[in-house]
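Working notes, beginning with the structure itself.
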């Protein structure tokens, strides 16, 4: 018999990757609803949806997300909407008798000064990064909702925390994108300008805040990046994230519980490998085919020297990432080129 699986947030980068991954399984019937069809902040609507659809499994990938500027400017929206989405879906899942749910969180749940690599045990051991604290608190609440329903009702609700994600359906907005799509778009535009022989305004990318251009620079054949290029970051292709999510969801409960502490708590998903921002930028330039200079503005701040997830627990459960950074960047660039019309302006 087919399993009816609901993916909340199927239009997003992670949700669409889950759709691609689950479509590989012949025994799966996907249940999908757009925001226009189902308001996840509406408790009554969410309960009615679950009562009607007879779902077997839930992947909770829906969330209000944004860059550092959006988090700073809209803290009430970020904490309210994410709390409502999580609470409504998790509670409605339980009320409808659905025993299996996977909640997708974020590495921002860990303290700003957590020891590297960040293990699951670092949760709630120190202050969060202030700029996205409301979002992080909402994600922590999602973990604790899953834990609490498991403790009280005996459900099997699991949580996975990904490192920095990238891939198809990423956000390439010129002001609000994260570091990989921001760098990719900048190198692409600089390459096209060089090919046309045009003089264009090239600006430094603020990698620390994962946002787009700030400091002006005049030469069209130079892409400048904030900072020294020495900070280290970890990146996971979204297709690996989807594969890991399905893997974790389908683990035998006894096996999963034996490898988590406390029982049925969250688990990190990453590569376990990081690179410097300089290495990322140089690899990006090669993938895009940018022949100009990659420069670093060492007068600008670097941010945290390192952000790396511990993935020992997931490795012990039998899963490891399979897409290398260069391979993943090449796939993402091909997708970006094929869909760049939607990012113009």
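The values are calculated or read from the model by the stated rules, or taken from the named source; none is laboratory data. Remember, it's a predicted structure, so these values are computed and weren't measured experimentally. Virtual Cβ from ideal backbone geometry, glycine too; neighbours counted across all protein chains shown.
None of 88, 72 is surrounded by fewer than 18 Cβ atoms within 10 Å (Cβ to Cβ) and in contact (Cβ under 8 Å) with a residue 24 or more places away in the chain except 72. Take the range 55-69 and flag every residue that is crowded, with 19+ Cβ neighbours inside 10 Å and within 13 Å of residue 157 (Cα to Cα). Those that are crowded, with 19+ Cβ neighbours inside 10 Å and within 13 Å of residue 157 (Cα to Cα): 57, 58, 59, 60.
When residue 318 is tested against (1) surrounded by 15 or more Cβ atoms within 10 Å (Cβ to Cβ); (2) within 23 Å of residue 160 (Cα to Cα); (3) more than 20 Å from the chain's Cα centre (by Cα), only condition (1) is not met. Among the criteria (1) farther than 12 Å from residue 319 by Cβ; (2) touching a helix residue (DSSP H, G or I) at 6+ places or on another chain (Cβ under 8 Å); (3) modelled with pLDDT under 95, the one residue 275 does not fulfil is (3).
In the range 292-312, is there at least one residue being in a loop (DSSP other than H, G, I, E, B), within 17 Å of the chain's Cα centre (by Cα) and surrounded by fewer than 18 Cβ atoms within 10 Å (Cβ to Cβ)?
The initial filter retains those residues of the range 292-312 that are in a loop (DSSP other than H, G, I, E, B), namely 292, 298-305, 308, 310-311.
Next cut, within 17 Å of the chain's Cα centre (by Cα) only: 308, 310-311.
Still in the list and also surrounded by fewer than 18 Cβ atoms within 10 Å (Cβ to Cβ): none.
Checking the range 292-312: not a single residue is in a loop (DSSP other than H, G, I, E, B), within 17 Å of the chain's Cα centre (by Cα) and surrounded by fewer than 18 Cβ atoms within 10 Å (Cβ to Cβ).
Annotation note: Cβ proximity below 7 Å between a residue of the range 133-148 that is in the same structural domain as residue 90 (by TED's automatic domain parsing) and over 12 Å from residue 83 (Cα atoms) and a residue that is part of a helix (DSSP H, G or I) and at pLDDT 95 or above (sequence gap 6+ or interchain) occurs for 146/90. Looking at the range 30-67 only, could you name the residues that are within 14 Å of residue 82 (Cα to Cα) and touching a strand residue (DSSP E or B) at 6+ places or on another chain (Cβ under 7 Å)? Correct list: 40, 60, 61, 62.
Residues of the range 116-135 include none that is surrounded by 17 or more Cβ atoms within 10 Å (Cβ to Cβ), within 13 Å of the chain's Cα centre (by Cα) and within 18 Å of residue 269 (Cα to Cα). Every residue in the range 1-38 that is buried (at least 19 other Cβ atoms within 10 Å of the Cβ), over 18 Å from residue 56 (Cβ atoms) and over 20 Å from the mean Cα position of the chain (by Cα), please. None - no residue of the range 1-38 is buried (at least 19 other Cβ atoms within 10 Å of the Cβ), over 18 Å from residue 56 (Cβ atoms) and over 20 Å from the mean Cα position of the chain (by Cα), so the list stays empty. Here residue 249 qualifies as modelled with pLDDT of 95 or more, touching a strand residue (DSSP E or B) at 6+ places or on another chain (Cβ under 7 Å), in the same structural domain as residue 24 (by TED's automatic domain parsing) and farther than 15 Å from residue 107 by Cβ. Scanning the range 138-179 for residues being part of a loop (DSSP other than H, G, I, E, B) and either at negative phi or surrounded by fewer than 24 Cβ atoms within 10 Å (Cβ to Cβ) (or both) gives a total of 14. Taken together, the residues in the range 154-163 that are farther than 13 Å from residue 102 by Cβ and modelled with pLDDT of 95 or more amount to 1.
Residue check: residue 223 meets all listed conditions (1) at pLDDT 95 or above; (2) on the phi < 0 side of the Ramachandran plot; (3) in contact with a helix residue (DSSP H, G or I) (Cβ under 8 Å, 6 or more places away or on another chain) but one, namely (1).
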